[in-house]
Ligand code: F6P
């Protein structure tokens, strides 16, 4: 397969020239020149606004970026994804998470087969199960209602449901507690089990492959905990599984009717919409889960149908390309001004970094430009008192996404007013900065001596001109969360196409897994002196 190298295209060269032409322009200048900038550089989909005006972009920039998208055939790749083609070339699979939230009666075809009957069958199984658990009709082996659900999975089999159950806390069943155990550090499992009564605990073992070492080890330890306290016969009432390898879940001892299947065309990090979302369905109830799917589907329809100028995922991907490859941003901060979105940065880390943290194109040739940036984040305002210092005054360029829900659900409107003021202020501060002269004038006003004010001015000034996007949603509810996550999925897809890479494999995680197995078997330790030295200390300190 040959993939055109976009960095050698005329469209890329035109953008480079344009970047040079903007060398002396600051984002704040663009606002001074155009009072209508917000309406020109923001897009909305009902109560979902994406403001990219605080980026160094003009109408010309956007036009040139769209030319690049056209040269990379983003629309063609998008259509191939929506047509169920095998665009995951290195694994020879379709990429079809959009089918998992498809609404209406039209078929969704993979290899000439409509996948919707299978999708609906699993929806039905999930609905019945979630309802039974919520209503107390699914009982443990000793007749207790389920009060604790422990999901055991890792990566895509953990992060989506863990993020969503936390994000949608006010919509969750009030009498069921949820824990998500992923790490193979026993402390993770132990912390969950310490709060659980075996008689009223349900384990959901989630693994697409059902071969993941961490998940199987945690599941076995959980099963031993349960059987020691109840009996081996109790397992069927306390363990269900979610997997694309239904037979392997059976081998673990889970009854076939309690295995929720999915398909190889669902990538792990795109799987919260299928049975991997079972904890979400139990937490929210089936209607709530359907609202999540409906929100994602609304974003799918928009991505598929909106013209390039109004297309939010496309625009977001192009803005990211501009910041990474033309303005040199190496890091990307995800800053939800919503405590309940605390796990969103971790979720997006997998989505973006596992998808686009790649150095070769689809044809195996090296990529000639920077690809996925380092993504990190924390909810605002916590991040402000931790790492924002670097974003405001550090030497590395970081671009930011600020996220806020307009309507408060906490019952503390005065706190939400503070939260929203901080959300608005941070992107303003990043853009405007503060000159040394302004800093000095402020200090003089506060009666500081001239010499001291002069000496402190470089420390207390801000270069500004640091780019950010702002996303404002009506409310953090299942529907808007669905839209938000689908937006990031499609934006990640757009970037992958622009870089010419396959966003849907993850070979980079394999080597570490292989070497861990080597080390477990005792073979790998002597491969280097550091590893041997550390292992010797580890062994010595066991006594
Ligand atoms: O870390 C690699 C990975 O394959 C992820 O892509 C995936 O989400 C995770 O492991 C878990 O895999 P599984 O669902 O098969 O246990």
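Once both axes come from the Cα atoms, what is the angle between helix 436-445 and the longest principal axis of the chain, in degrees from 0 to 90, rounded to 10? The helix 436-445 is inclined about 90 degrees to the chain.
Only helices enter the 222 nm calculation for the chain: every DSSP H run of n ≥ 4 contributes -39,500 (n - 2.57), and dividing by all residues gives -13500 deg cm²/dmol, rounded to 500. Approximating the spin labels as points 7 Å out from Cα along Cα→Cβ, the residue 20-to-residue 187 distance works out to 5.4 nm. Compared with the dominant Cα axis of the chain, that is its longest principal axis, helix 510-520 is turned about 50°. With the Kirkwood sum run over all distinct C-alpha pairs, region 168-268 has a hydrodynamic radius of 14.4 Å. Applying 1/(1 + (r/R0)^6) with r as the Cβ-Cβ distance of residue 63 and residue 213 and R0 = 51 angstrom yields a FRET efficiency of 0.55.
Within a 10 angstrom radius of the beta carbon, how do 113, 483 rank from fewest other beta carbons to most? Intermediate values should be presented prior to the final figure.
Numbers: 113 12, 483 25.
Taking fewest neighbouring Cβ atoms as first place, the list is 113, 483.
Computed from the Cβ-Cβ distance with R0 of 45 Å, the FRET efficiency linking residue 114 to residue 137 stands at 0.90. For region 125-175, the equivalent ellipsoid built from the Cα gyration tensor has semi-axes of 22, 14, 11 Å, listed from largest to smallest.
Taking only the alpha-carbon atoms of region 242-312, what semi-axes of the equivalent ellipsoid follow from 5 times the gyration tensor eigenvalues under a square root, in whole Å, largest first? Let's see the in-between values first.
Working: eigenvalues 192, 47, 10 Å².
In descending order the semi-axes read 31, 15, 7 Å.
Sorted fewest first by neighbouring Cβ atoms within 10 angstrom, 348, 230, 56 come out as 230, 56, 348. Rounded to whole Å, the principal axis extents of the Cα atoms in region 1-57 read 42, 34, 11, largest first. Per-residue extension of 0.36 nm, minus the Cα-Cα distance of residue 518 and residue 446, leaves a gain of 19.5 nm for this segment.
Binning the alpha carbon pair distances of region 104-284 at 10 angstrom intervals from zero yields the distribution 10, 40, 38, 10, 2, expressed in whole percent.
Helix 286-305 and the longest principal axis of the Cα set of the chain meet at an angle near 40°. Computed over the Cα atoms of region 430-543, pair by distinct pair, the Kirkwood hydrodynamic radius stands at 21.1 angstrom.
Looking at region 1-116, I'd like the Rg to Rh ratio, where Rg is from alpha-carbon atoms and Rh is Kirkwood's inverse mean 1/r. The partial results should precede the final answer.
Values: Rg = 19.4 Å, Rh = 17.6 Å.
Across region 1-116, the Cα-based Rg/Rh ratio is 1.10.
Once fully extended, how much extra length lies between residue 71 and residue 396, figured as 0.36 nm per residue of separation less the alpha-carbon to alpha-carbon distance? It would help to have the intermediate numbers written out before the result.
Details: separation 325, 0.36 × 325 = 117.00 nm, distance 3.00 nm.
The span from residue 71 to residue 396 would gain 114.0 nm if fully extended.
Looking at the square roots a ≥ b ≥ c of the eigenvalues of the Cα gyration tensor of region 370-507, which shape do they give, rounded for a/c under 1.5, prolate if a/b is larger than b/c, or oblate? Oblate is the answer for region 370-507, as a/c is 1.5 or above yet b/c matches or exceeds a/b. Max-minus-min Cα coordinates of the chain on each principal axis give 78, 60, 57 Å, with the largest extent listed first. Quick note on region 203-344: its Rg to Rh ratio, both from C-alpha atoms and Rh being the Kirkwood radius, is 1.09. Determine, at each q value in 0.18, 0.19 (inverse angstroms), the log₁₀ of I(q)/I(0) that the Debye formula gives when each Cα of region 479-534 is one equal point scatterer. Log-scaled intensity ratios, in q order: -0.70, -0.73. Cβ-Cβ distance of residue 460 and residue 410, R₀ of 25 Å, FRET efficiency by 1/(1 + (r/R0)^6): the value works out to about 0.15.
Using the Kirkwood radius over Cα pairs, work out the Stokes-Einstein diffusion coefficient for region 356-432 at 20 °C and 1.002 mPa s, in µm²/s as a whole number.
Calculated translational D: 140 µm²/s.
If one computes the Cα centroid of region 365-389 and of region 44-72, what distance in Å separates the two points? Taking the Cα centre of region 44-72 as reference, the centre of region 365-389 is 20 Å away.
On a full-extension model of 0.36 nm per residue, what is the gain between residue 437 and residue 257, subtracting their alpha-carbon distance, rounded to one decimal in nm?
Details: separation 180, 0.36 × 180 = 64.80 nm, distance 7.12 nm.
Computed gain between residue 437 and residue 257 is 57.7 nm.
Mean projection of the Cα convex hull over all viewing directions, computed for region 285-333: 4.9 nm².
Every number in this text was worked out from the coordinates using simple rules, so none of it is lab data. Being a predicted model, the structure only gives us computed values, none of them experimental. FYI the Cβ positions are ideal-geometry reconstructions off the backbone, even for glycines, and counts take in every protein chain you see.
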